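J.: To start, I am sharing the structure in question, which I have written as structure tokens.
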Amino acid sequence: MSEQPLNPTTAPAPEAAAEAATVTGSPTGSTAADAMAPAGPAADEAAALRAASFERARRLRQEPRFPGGPAADPAGSHHERRIRSFQPRRSRVTTGQQDALERLWPKWGLDIDGKRVLDLADLFDGLPVVLEIGFGMGEATAQMAADDPGTGILAVDVHTPGQGNLLGLADRAGSTNVRVANGDAVILLREMLAPASLDGLRVYFPDPWPKARHHKRRLIQPEFLDLVAPVLKPGAVIHCATDWEPYAEQMLEVLTAHPRFENTAADGGYAPRPAFRPLTRFEGQGLDKGHVVHDLLFARV
């Protein structure tokens, strides 16, 4: 599944390097090489075109693709200087996904803006609520919602086509226990969830960031668990699954070492796949490549 939300470790963002490469005080974003170019009408016109292009791109990043739908950057989170485990991307939205976003977002969607604490009891009509971070195209999430209508699922992702697809799947199945949250899950955990408000957390097939220099971008880190623990009720389970063996080993190590979580597996290792977790598209791709899938279930103590 696509990944949300999320190592809160403070670190320089890629934008900082880009800003360092620009001429200080330049309103056009021109580089030092541009500053050395000959002046004149042609250079002025080129600079004006660059400035106009820069401004159009800036507006596009801030404007929602669908009025009344998910915002492009609800919390302005790209200005925060910290490492992220996800890459926001825009891709083609089908007619059906667009229809679902336009019809259902006002009712079942919310932006992670960091401006309020969510009343989950009101949002889910009193149901116990499980948070899912990174749901891809939403097939597995929609199936779990249909199979367990007594549990609310707060599903977080930044991928617009997936958001529309999940809304459409839930609508066609008659499921009313799904809410789709758009944005950075770190902000959701840090600023928008009350203590002991969640009955569980699901993180299925997050990006494994396989290169060693990218391991700091992996979602399951001690700092992330520090954010998660306070918003989980005692006994609530964090359920992770991955088909990347080195990441599974890191997950097991990090979760085992954290004082607020306890392994539900009697042998202290991996757990069998619970019946409620359906096979996902990403899981199928991994199995086709000969990968072994590991589930980890740790209870909040």
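The values are calculated or read from the model by the stated rules, or taken from the named source; none is laboratory data. Since the structure is predicted, the reported quantities are computational estimates derived from the model, not experimental observations. Counting neighbours? That spans all protein chains shown, and the Cβs are built from the backbone with ideal geometry, glycine included. All accessible areas refer to the heavy atoms of the entire protein, side chains included, with ligands and DNA or RNA removed. Shrake-Rupley method; radii C 1.70, N 1.55, O 1.52, S 1.80 Å.
J.: Going by the structure shown, is Leu227 of a type in the set (A, V, I, L, M), open to solvent by 30 Å² or more (accessible area, probe 1.4 Å) and within 21 Å of Ile112 (Cβ to Cβ)?
T.: In short, yes.
J.: Next question, about the same structure. Could you go through segment 252-270 and let me know if any residue there is under 21 Å from Thr141 (Cβ atoms) and of a type outside the set (S, T, N, Q).
T.: no
J.: Answer yes if at least one residue in segment 198-208 is touching a helix residue (DSSP H, G or I) at 6+ places or on another chain (Cβ under 6 Å) and free of Cβ contacts under 8 Å to residues at least 60 places away in the same chain, and no otherwise.
T.: So far as segment 198-208 goes, yes, one or more of its residues are touching a helix residue (DSSP H, G or I) at 6+ places or on another chain (Cβ under 6 Å) and free of Cβ contacts under 8 Å to residues at least 60 places away in the same chain.
J.: Being at positive phi and within 20 Å of the chain's Cα centre (by Cα) narrows it down to one of Gly136, Gly126, so name that one.
T.: Only one candidate qualifies: Gly136.
J.: Right, Arg260: closer than 20 Å to Trp209 by Cβ and either open to solvent by 70 Å² or more (accessible area, probe 1.4 Å) or out of contact with any strand residue (DSSP E or B) (no Cβ under 7 Å at 6 or more places or on another chain) (or both) or not?
T.: Taking the combined requirement at face value, the residue does not satisfy it.
J.: In segment 197-207, which residues are over 14 Å from the mean Cα position of the chain (by Cα) and assigned to a loop (DSSP other than H, G, I, E, B)?
T.: Within segment 197-207, Ser197 is the sole residue that qualifies.
J.: Taking the criterion of being modelled with pLDDT under 95, touching a Lys or Arg at 6+ places or on another chain (Cβ under 9 Å) and part of a loop (DSSP other than H, G, I, E, B), would at least one residue in segment 225-246 satisfy it?
T.: yes
J.: Looking at segment 101-122, which of its residues are outside any strand (DSSP E or B) and either crowded, with 16+ Cβ neighbours inside 10 Å or polar (S, T, N, Q) (or both)?
T.: Listed by number, the residues that qualify are Leu101, Leu104, Trp105, Trp108, Ile112, Asp113, Gly114, Leu118, Leu120.
J.: List the number of the failed condition for Ala194; all other conditions in (1) in a loop (DSSP other than H, G, I, E, B); (2) on the phi < 0 side of the Ramachandran plot; (3) touching a strand residue (DSSP E or B) at 6+ places or on another chain (Cβ under 9 Å) hold.
T.: (3)
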